[in-house]
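Have a look at the structure below, then the notes.
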Amino acid sequence: MDRNHLVNLLSQCLPRESILTNPEDVKPFETDGLSAYKQLPWIVVLPTEESQVQAILRVCHQNKVPVVARGSGTGLSGGALPHEQGVLLSLSKFTKIINIDVLSRTAVVQPGVRNLAVSEAAAPLGLYYAPDPSSQIACSIGGNVAENSGGVHCLKYGLTVHNLLKVRIVSIEGDILELGGDSLDAAGYDLLALVTGSEGLLGVVTEVTVKLLPKPQLAKAILAAFDDVEKASSAVANIIAAGIIPAGLEMMDGPATRAAEAFVHANYPVDAEAVLICESDGTPDEVADEMDRMKAILESSGALELRYSQDEAQRLKFWAGRKAAFPAVGRLSPDYYCIDGTIPRKTLGYVLKRIYELGEEYGLEVANVFHAGDGNLHPLILFDAAKEGEFERTEAYAGKILELCVEVGGTITGEHGVGVEKINQMCSQFDDPTLACFHGVKACFDEDGLLNPGKLIPTLHRCAELGKMHVHHNQLPHPHLPRF
Amino acid sequence: MNSIEHISDFVKECSSHNRTIKISGSGSKSFWVDSHADQLLNMQDYAGVIDYEPSELVMTVKAGTLLTDVNRILEKEGQVLAFEPPTFGGEGTIGGMVASGLSGPRRAYAGSVRDYVLGIRLIDGIGQDLHFGGKVIKNVAGFDVSRLMAGALGSLGVITEVSLKVMPKPQYEKTLRLSMNESQAIHFMNQAASKPLPLSATSFYQGELRIRLSGAEVAVRAASKELGGETLENADQWWQSLQNQTASCFDLTKPLWRLSVKSTAQPLGLSGQCLIEWGGAQRWINSEHTPSQIFKVAQEALGHAQLFRQGNPAQPLGSPLATSLIPIHQRLKKNFDPKGIFNPGLPGNF
Ligand SMILES: Cc1cc2nc3c(=O)[nH]c(=O)nc-3n(C[C@H](O)[C@H](O)[C@H](O)COP(=O)(O)OP(=O)(O)OC[C@H]3O[C@@H](n4cnc5c(N)ncnc54)[C@H](O)[C@@H]3O)c2cc1C
């Protein structure tokens, strides 16, 4: 396909100035939050109306041109990485909050609305949107749907999939499909669940109806310091085992704590080897009660020091370091690489220890800051891309960590998605028939494979090649571990 | 059939001879949906807990396990299935629970079956053993096919194993009763839900609104003061009778319709007894109205309707799918069950 010809066709769908092709104009779209992968887009389109999205997709469908949807580009798995011969479809102009209905506690928003903007708009009504990725000031609701994003409060309040009622998508044929509904369930298959987390492979999200929750009367946090990550890990398991579902339960290891402290001066205990932030919310009495129970468990699990937020300012300060932990770690080294495996909570201590050991083997430093209550790890590997071979070593180390997650019964991605980044590890998590079934599901929505090709599901051929390679080097001990 | 190999061989055999299969748990929901097929696949022998560690909040079970057995095992550890699935006579299986996608009184406040499904093992229409999702709470690897199986009524495959998220049992519960009319009740339920109160179930029937509160005792007490009304004694009985449809308000001699609507929808104005649940979002009606009348009313209330029980043998009937969605349903059915052998005649077979 000739680019100029395609641009001409697209100019019939939307104004010419909303179609970008100059290298300097398309450059900002060459990467998402995972900057190790870059690809200059061929064509970028910036529609403002759903009908334009329909027209664009029709043109791409007729001409067999790949399409990559993009929200805010904060994704951490290269999901929005452009296709070299495709159209990058940015939803960034879809920023209207269409409606907030107080009585039914729902908001109808366009896909480019920032996650935090929904909660801000709902705040005067005493409501908020619960899933709160750390990137919430920037990431879009459309991106959240596509990734099934989580946040620090999702142990208690669920992931994106639990907080959606309805999604409108435009199919690759340009048709509008409404999935879910205004009621709690809809007729037919649960396509809403299927599309949530589908990384832009099944359709382009153009409107989202989210559930809003009443803001809890009060939230308080405990900051607990430990001299050992394994003790902190068992404290996490002990809290859950006691029947408590904290509003937030996050861990930072020593390196992450020190980095965060140096960055935001939250007064973190810098000599600790692990810090837990445990949040409780509800009525004042309920919070007091739960805080007491958590205190007792943290102490008996070996916490050296406990601090309690005395007021809202202090609570936010506890969180400030946690929320800024990624950039804080980013200051320690020229580059860092963030991993996202989830493991059964009982294996936390073991897996963290293995991560440190592997780090020594690979000669790379690592800091851990993560959703401990969910067992969702985020090891941040520090490296310098300018040093020859260091990125490759980092990738190999990251791959090992993901395989470790699968080995202990977990998964290669808890919330950041597969994208292009973890496409190889999909081969170790799923067997061929299951992968083939995924391809079949994809074809039900997009027969020609035009929506975000090359992401999320590896070809069986790719897995076979990888398998050969791994067996050859005798590196992958459990190629097809059963997960049940 | 007590092993995956058996089930898979059986499906392969049926598939190669183009024989249809009725997948059956205990048959506890056959009053609602029932299929007539060449062969019966009874899942009850494939039963038992595979893995359960309370501190993980995850249980993995074989699909033929009785729901009552699961509930008992959880109870010992102070945990529950938060969506309160109906047990219909105590015989429902976990596979049937997931396939039917039915949830109980707590659904509006804690989520539905599909919200708690973490992973599924499935035999597809050509006998392949597939694994989706996993055993951890957060998992976005691959398409979320596990949740797609919830409510698909076995039309896409034989669910053989399920991993579910489980939750701590609420520490304390209390049910309030308040007298009011239907539209006041709908407003009250929605308004209560927009305040930070520990609601866990609501119902309205014959002028009485009932609200269950669950959680820390202090929070329940504070909320009950705020909401007013009187305490309902023996409240568990009431909620269980709704969960399992044994309450006398379900007149089993007349067709029983389930309308799933926007929670704030005004009274539907259909003649017949109406029971409201789920904060207004689920309405049961014993009514002789024609299906098309019911579907129209459901659509106007921004929802859909299903015929849930009727006097004569079950003939599944529900609001028509949006035409735009039919091709995708057909293709999905074909992807998982290319020869169309599973549960002929049930919704999901397009
Ligand atoms: C500092 C930092 C912290 C983060 N913390 C978290 C966290 O706590 N939890 C978490 O879950 N994630 C986190 N993320 C990851 C990221 O923010 C989320 O994945 C987010 O949902 C991506 O949204 P986006 O709008 O930036 O999507 P993009 O990056 O633009 O796109 C992500 C994927 O969604 C697809 N997509 C985007 N919009 C649409 C649409 N309208 N229709 C169809 N497909 C679409 C794209 O094709 C791509 O595959 C973090 C990222 C950063 C940089």
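The values are calculated or read from the model by the stated rules, or taken from the named source; none is laboratory data. These figures come from a predicted structure and were not determined experimentally. Counting neighbours? That spans all protein chains shown, and the Cβs are built from the backbone with ideal geometry, glycine included. Heads up: the accessible areas ignore ligands, DNA and RNA and are worked out on the full protein's heavy atoms, side chains in. Shrake-Rupley method; radii C 1.70, N 1.55, O 1.52, S 1.80 Å.
Give me the residues in the stretch A:343-372 whose solvent-accessible area, probe 1.4 Å, is reduced by at least 20 Å² once all protein chains are included instead of the chain isolated. By number: A:P344, A:R345, A:K346. Within the straight-line cut-off of under 21 Å between alpha carbons, the lysines reachable from B:K254 are B:K29, B:K296, sequence neighbours fewer than 8 places apart in one chain being disregarded. Per residue, the accessible area of chain B comes to 37 Å², computed with a 1.4 Å probe over protein heavy atoms only.
Any idea what log10 I(q)/I(0) is at q = 0.22, 0.25, 0.28 Å⁻¹ for the stretch B:1-65, Debye with uniform C-alpha scatterers and no solvent? Each listed q corresponds, in turn, to -0.95, -1.06, -1.16.
Would you mind computing Rg(Cα) / (2.2 N^0.38 Å) for the stretch A:218-323, counting N as its residues? Show your work: numbers first, answer last.
On the way: Rg = 12.7 Å, N = 106, 2.2 N^0.38 = 12.9 Å.
So the stretch A:218-323 has a normalised radius of gyration of 0.98.
Taking all protein chains as shown and a probe of 1.4 angstrom, B:F188 keeps an accessible surface of around 50 Å².
With a 1.4 Å probe and all protein chains left in place, how much accessible area per residue does the stretch A:328-472 have, in Å²? Please report the intermediate quantities before stating the final value.
On the way: 4990 Å² over 145 residues.
For the stretch A:328-472, the solvent-accessible area averages 34 Å² per residue.
Entry comment: accessible area of the stretch A:97-214 is 24 Å² per residue, from protein heavy atoms only and a probe of 1.4 Å.
Obtain the radius of gyration and the Kirkwood radius of the stretch A:97-214 from its C-alpha atoms and give Rg over Rh.
Numbers: Rg = 13.1 Å, Rh = 14.0 Å.
With Rg and the Kirkwood Rh in hand, the quotient comes to 0.94.
Against the longest principal axis of chain B, how steep is helix B:217-227, in degrees 0 to 90 to the nearest 10, with axes from Cα atoms? Its long axis makes an angle of about 60 degrees.
In the complete set of protein chains, residue-level accessible area for A:Y337 is approximately 10 Å², probe 1.4 angstrom.
Hey, how much of the P(r) for chain A falls beyond 28 Å, as a percent of Cα pairs? Mind dumping the intermediate values first?
Numbers: 63199 of 116886 pairs.
The proportion of pairs with Cα distances above 28 Å equals 54 percent.
For A:429-440, what's the mean count of beta carbons from other chains sitting within 10 Å of each residue's beta carbon?
On the way: counts 5, 5, 4, 1, 6, 10, 2, 3, 12, 6, 2, 8.
The per-residue average across the peptide is 5.
Ranking A:H61, A:H5 from most to least accessible surface, computed with a 1.4 Å probe over the protein chains only, gives A:H5, A:H61. Cβ screening of chain A for cysteine pairs under 4.7 Å finds these without a partner: A:C13, A:C60, A:C139, A:C154, A:C278, A:C338, A:C405, A:C437, A:C444. With a 10 Å cut-off around each Cβ of B:103-115, the average count of Cβ atoms from other chains is 2. Roughly speaking, what is the centre-to-centre gap between the stretch B:231-257 and the stretch A:112-166 when only Cα atoms are used, to the nearest Å? Between the Cα centre of the stretch B:231-257 and that of the stretch A:112-166, the gap is 36 Å.
For the stretch B:4-169, what D do you get in µm² per second when you plug the Kirkwood radius from alpha-carbon pairs into Stokes-Einstein at 20 °C and 1.002 mPa s?
My calculation gives 135 µm²/s for D.
At a temperature of 25 °C and a viscosity of 0.890 mPa s, determine how fast chain B diffuses translationally according to Stokes-Einstein, using the Kirkwood radius over alpha-carbon pairs as Rh; express D in µm²/s, rounded to the nearest whole number.
116 µm²/s
Per residue, the convex hull around the alpha carbon atoms of the stretch A:3-90 comes to 84 Å³. Taken along its principal axes, the alpha carbon cloud of the stretch A:364-417 reaches lengths of 36, 20, 19 Å, longest axis first.
Kindly give Rg over Rh for the protein assembly as shown, based on alpha-carbon atoms, with the Kirkwood expression for the hydrodynamic radius. It would help to have the intermediate numbers written out before the result.
Details: Rg = 26.0 Å, Rh = 27.4 Å.
Here Rg/Rh amounts to 0.95.
Partner shielding of A:405-417 amounts to 4, given as the average count of beta-carbon atoms from other chains within 10 Å of each residue beta-carbon.
Considered as an equivalent ellipsoid built on the Cα gyration tensor, the stretch B:174-300 has semi-axes of 27, 16, 11 Å, the largest given first. Once the partner protein chains are put back, the stretch B:211-237 shows a loss of at least 10 square angstrom of accessible area, versus the chain by itself, at B:A216, B:V218, B:A219, B:A222 (probe 1.4 Å, ligands and nucleic acids excluded). As a ratio to 2.2 N^0.38 Å, the alpha-carbon radius of gyration for the stretch A:80-138 is 1.37. Here is the interface size for A with B: some 6600 Å² of accessible area buried, both sides summed, with a 1.4 Å probe. For the stretch B:263-312, accessible area lost to neighbouring protein chains reaches 50 Å² or more, against the chain alone with a 1.4 Å probe, at B:H304.
The apolar share of the surface of the protein assembly as shown, taken as the fraction of accessible area on carbon and sulfur atoms (1.4 Å probe, ligands and nucleic acids excluded), comes to 49 percent. Taking the Cβ-Cβ separation of A:E392 and A:H439 as r and a Förster radius of 25 Å, what is the calculated FRET efficiency to the nearest 0.05? Efficiency computed from Cβ-Cβ geometry: 0.30. Loop exposure criterion: trypsin sites (Lys or Arg not before Pro), DSSP state outside H, G, I, E and B, at most 15 other Cβ atoms within 10 Å. Applied to chain B, the longest stretch between such sites is B:20-338. For chain A, the longest principal axis of the C-alpha atoms and the axis of helix A:390-407 are separated by about 70°. Working from the Cα coordinates of the stretch A:343-382, the gyration tensor eigenvalues give, after taking √(5λ), semi-axes of 19, 11, 5 Å in decreasing order.
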